[in-house]
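**Student:** First the structure, which I've put down as structure tokens, then a few questions once you've had a look.
The values are calculated or read from the model by the stated rules, or taken from the named source; none is laboratory data. Predicted model, so just to flag it, every value in this text is computed and none were measured. Counting neighbours? That spans all protein chains shown, and the Cβs are built from the backbone with ideal geometry, glycine included.
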């Protein structure tokens, strides 16, 4: 049994995680622990506070008691708003607090893009434009080329969590560019686990979404690779796209 641990802020699209667990197979356990959200706002100050060391520390005890092997901060914006160096320090702090290998969703996107062999990516952010731009900057710091961004201007995670399949597909299509090798949808408040097959079929290219890459990142930390094609190109054994 491989036990994966996640710190997830608030209660929005957390039901993606048991869905992903079911699709991965019986020897993988996904344990989700919630941190306090604070102010639900897609603003830099609020997002920085959401991912502060104090809030992470408050959620770590549950991870340790659960006997998980990894700790992943399941918030994209709560990581990249700190910048590349700040997000690295955040992950180091989490690893020290949890006493186990750690990462975050922001880094998961960079590692996942490398895994499937893509360098040029388009970004579909539910966030306001300034927040989406910070994510694009983060990806560039990780060595990726951002071919375009599209922002939906949503002010809160609570509103994002109400989006259905058509909303997600509309965002992905709007974000896509002809030269992008993959489309990235970075919000962990966005339900996407049930839509990955549709998204990739509609766009004819890999689509990486926040909760999907977060679970994959935890598996990567345990040196596991799982073949689960219903979870998209990222969860196939061989990359479908090469640079």
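**Student:** Tally time: how many residues in the range 18-68 are at positive phi and either modelled with pLDDT of 90 or more or touching a strand residue (DSSP E or B) at 6+ places or on another chain (Cβ under 9 Å) (or both)?
**Tutor:** 2
**Student:** Condition check: farther than 16 Å from residue 19 by Cα, in a helix (DSSP H, G or I), outside the structural domain of residue 146 (by TED's automatic domain parsing) and touching a strand residue (DSSP E or B) at 6+ places or on another chain (Cβ under 8 Å). Does residue 217 satisfy that?
**Tutor:** yes
**Student:** Could you list all residues from the range 116-132 that are out of contact with any strand residue (DSSP E or B) (no Cβ under 7 Å at 6 or more places or on another chain) and under 24 Å from residue 159 (Cα atoms)?
**Tutor:** 126, 130
**Student:** Also: Restricting to the range 76-115, and then to whatever is outside any helix (DSSP H, G or I) and out of contact with any strand residue (DSSP E or B) (no Cβ under 7 Å at 6 or more places or on another chain), can you tell me which residue is farthest from residue 48 (Cα to Cα)?
**Tutor:** Among residues in the range 76-115 that are outside any helix (DSSP H, G or I) and out of contact with any strand residue (DSSP E or B) (no Cβ under 7 Å at 6 or more places or on another chain), the one farthest from residue 48 (Cα to Cα) is 99.
**Student:** Still on this structure: What single numbered condition from (1) in contact with a strand residue (DSSP E or B) (Cβ under 9 Å, 6 or more places away or on another chain); (2) under 21 Å from residue 125 (Cβ atoms); (3) surrounded by fewer than 23 Cβ atoms within 10 Å (Cβ to Cβ) fails to hold for residue 188?
**Tutor:** It fails just one condition, (3).
**Student:** Inside the range 1-29, can you point out the residues that are assigned to a loop (DSSP other than H, G, I, E, B) and either over 28 Å from residue 39 (Cβ atoms) or touching a residue at least 60 places away in the same chain (Cβ under 8 Å) (or both)?
**Tutor:** 1, 10, 12, 13, 15, 25, 26, 27 - these are the residues of the range 1-29 that are assigned to a loop (DSSP other than H, G, I, E, B) and either over 28 Å from residue 39 (Cβ atoms) or touching a residue at least 60 places away in the same chain (Cβ under 8 Å) (or both).
Listed here are the residues, each with its yes/no results for (1) within 18 Å of residue 128 (Cα to Cα); (2) under 14 Å from the mean Cα position of the chain (by Cα); (3) not in a helix (DSSP H, G or I).
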position	(1), (2), (3)
146	yes, no, yes
150	yes, no, yes
169	no, no, no
172	yes, no, no
197	no, no, no
234	no, yes, no
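Residue-wise test of (1) touching a helix residue (DSSP H, G or I) at 6+ places or on another chain (Cβ under 7 Å); (2) closer than 15 Å to residue 160 by Cα; (3) crowded, with 19+ Cβ neighbours inside 10 Å.
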position	(1), (2), (3)
12	yes, yes, yes
15	no, yes, no
22	no, no, no
38	yes, no, no
41	no, yes, no
45	no, no, no
